[in-house]
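**Student:** I have a structure I would like to understand better, so I am pasting it below and will then ask my questions one at a time.
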Amino acid sequence: MEDIPFNRSSLQGSELNYIQQTLALGQIAGDQTFSKKCEKLLEGITGCNKALVTTSCTHALEMAALLLGIQEGDEVIVPDFTFVSTPNAFVLRGAKPVFCDVRNDTLNMDESRLEALITPRTKAIVPVHYAGVACEMDTIVEVAGRHGVAVVEDNAHGLFGKYKGRWLGTFGALATQSFHETKNITCGEGGALVVNEPRYVQRAEILREKGTDRSRFFRGEVDKYGWVDIGSSYVMSDVLAAFLYGQLEQWETIQAMRRTIWEHYDACLASWASETGVRRPVVPPHCGSAYHMYHLLLPGLSERTAFIAHLAARRIKAVFHYLPLHLSDYARARWGGMPGQFPVTENVSDRLVRLPFYTSMTAAEQERVIEAVLEFTP
């Protein structure tokens, strides 16, 4: 009996053929044929103003911080239940992260708490669409607009998810995407900065190209390029972009396959979850899931520990997720985070477990997972 991993990357289309093409073209550096193909495809599907593929979602967030002019003493509101990249990109510029507890249902930033967190130093709100289910963007955008605060969507989980019929990643002035190996669409390591407000486009290109106007030079808009701003090397290699384009071409197929897996889990585990006090994912009716993961909330920490061990004994890898950021060693040392500050985050962090979930998961593999779950009694 083979192990069932938590995640497994897979080829979905012409990824290897496109890598051969980019090698034949002599284009293995960045911002060339396949990078532009990826960007045009993303722009065409979502209707965003500009997409720029980057080395990672983390780097896209760093670009967002630079574009917003984040500096020492600024404050940026982020959910307490997210990956460290979300606050880190702004902390690197000197900002203080202001943590926000999450909703008990979707585990997204609790929009009802935003107003009380905004101060004259607040420069951005960074909602994270957890598991590919939308935050309440109407409220978030309205509160941000009323206070003159920018919205940056961390859409690492949410590509091709929707909120009230509109694509995630198109609500904020800026948004970021992830193409890490764990994501629906992947190239191993990679990301994208989505620019929804046109005033940021030109500077975004400069920041991404090490502070030069190289992009304008290649379009023939200037006769030479040089150092015109701060910046760094955020350009994705075209080898990775070639792989990514092969995946993006198949986005509808990939999403359909993941939806089938997600819905099968949800249907087969419904009765068991109800009987055992385990909670399944919550997707509000006005949200279209991106089907990034399938998670469960066990009754408590001891039950979750036993559940993970139960699956491991059957050679099935299930994992927990984020630890509360305010209780991390770094946040406690810098900003004095204390237990009890964000009760929902602290509670769900102890209880959440993610089941194996990947695009190439076979029906037989999923049935093994389901059978093992149904054998467990918390």
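**Student:** Within the stretch 101-151, which residues are under 18 Å from the mean Cα position of the chain (by Cα) and without any contact (Cβ under 8 Å) to a residue 40 or more places away in the chain?
**Tutor:** Selection gives N108, M109, C135, E136, M137, I140, V151.
**Student:** Could you please find all residues in the stretch 239-296 being of a type in the set (G, A, S), closer than 18 Å to S10 by Cβ and in contact (Cβ under 8 Å) with a residue 24 or more places away in the chain?
**Tutor:** Residues satisfying the conditions are A242, G246, A290.
**Student:** Among what's in the stretch 277-292 and is aliphatic (A, V, I, L, M) and surrounded by 21 or more Cβ atoms within 10 Å (Cβ to Cβ), pick the residue that is nearest to R304 (Cα to Cα).
**Tutor:** V278
**Student:** Filter the stretch 332-367 down to residues that are assigned to a helix (DSSP H, G or I) and out of contact with any helix residue (DSSP H, G or I) (no Cβ under 9 Å at 6 or more places or on another chain), then give me how many there are.
**Tutor:** Residues in the stretch 332-367 being assigned to a helix (DSSP H, G or I) and out of contact with any helix residue (DSSP H, G or I) (no Cβ under 9 Å at 6 or more places or on another chain): 7 in total.
**Student:** Looking only at helices (runs of 4 or more DSSP H) that fall completely inside the stretch 1-100, which ones have 1 or more residues that are surrounded by fewer than 20 Cβ atoms within 10 Å (Cβ to Cβ)?
**Tutor:** In the stretch 1-100, 15-24, 33-46, 85-91 are the helices (runs of 4 or more DSSP H) which contain 1 or more residues that are surrounded by fewer than 20 Cβ atoms within 10 Å (Cβ to Cβ).
**Student:** Being within 30 Å of L298 (Cβ to Cβ), surrounded by fewer than 19 Cβ atoms within 10 Å (Cβ to Cβ) and either under 22 Å from the mean Cα position of the chain (by Cα) or of a type outside the set (A, V, I, L, M) (or both), is that true of even one residue in the stretch 211-220?
**Tutor:** No, because not a single residue in the stretch 211-220 is within 30 Å of L298 (Cβ to Cβ), surrounded by fewer than 19 Cβ atoms within 10 Å (Cβ to Cβ) and either under 22 Å from the mean Cα position of the chain (by Cα) or of a type outside the set (A, V, I, L, M) (or both).
**Student:** Is at least one residue of the stretch 265-276 under 26 Å from the mean Cα position of the chain (by Cα), surrounded by fewer than 21 Cβ atoms within 10 Å (Cβ to Cβ), at negative phi and acidic (D, E)?
**Tutor:** Yes: the stretch 265-276 contains one or more residues that are under 26 Å from the mean Cα position of the chain (by Cα), surrounded by fewer than 21 Cβ atoms within 10 Å (Cβ to Cβ), at negative phi and acidic (D, E).
**Student:** So, restricting to helices (runs of 4 or more DSSP H) that lie completely within the stretch 203-281, which ones have at least 3 residues that are in contact with a Lys or Arg (Cβ under 7 Å, 6 or more places away or on another chain)?
**Tutor:** The qualifying helices (runs of 4 or more DSSP H) are 251-276.
Each value in this text was obtained by applying a stated rule to the coordinates, not by laboratory testing. Keep in mind the model is a prediction, meaning the values are calculated, not measured. Cβ: placed from backbone, ideal geometry, glycine included. Neighbour counts: every protein chain shown.
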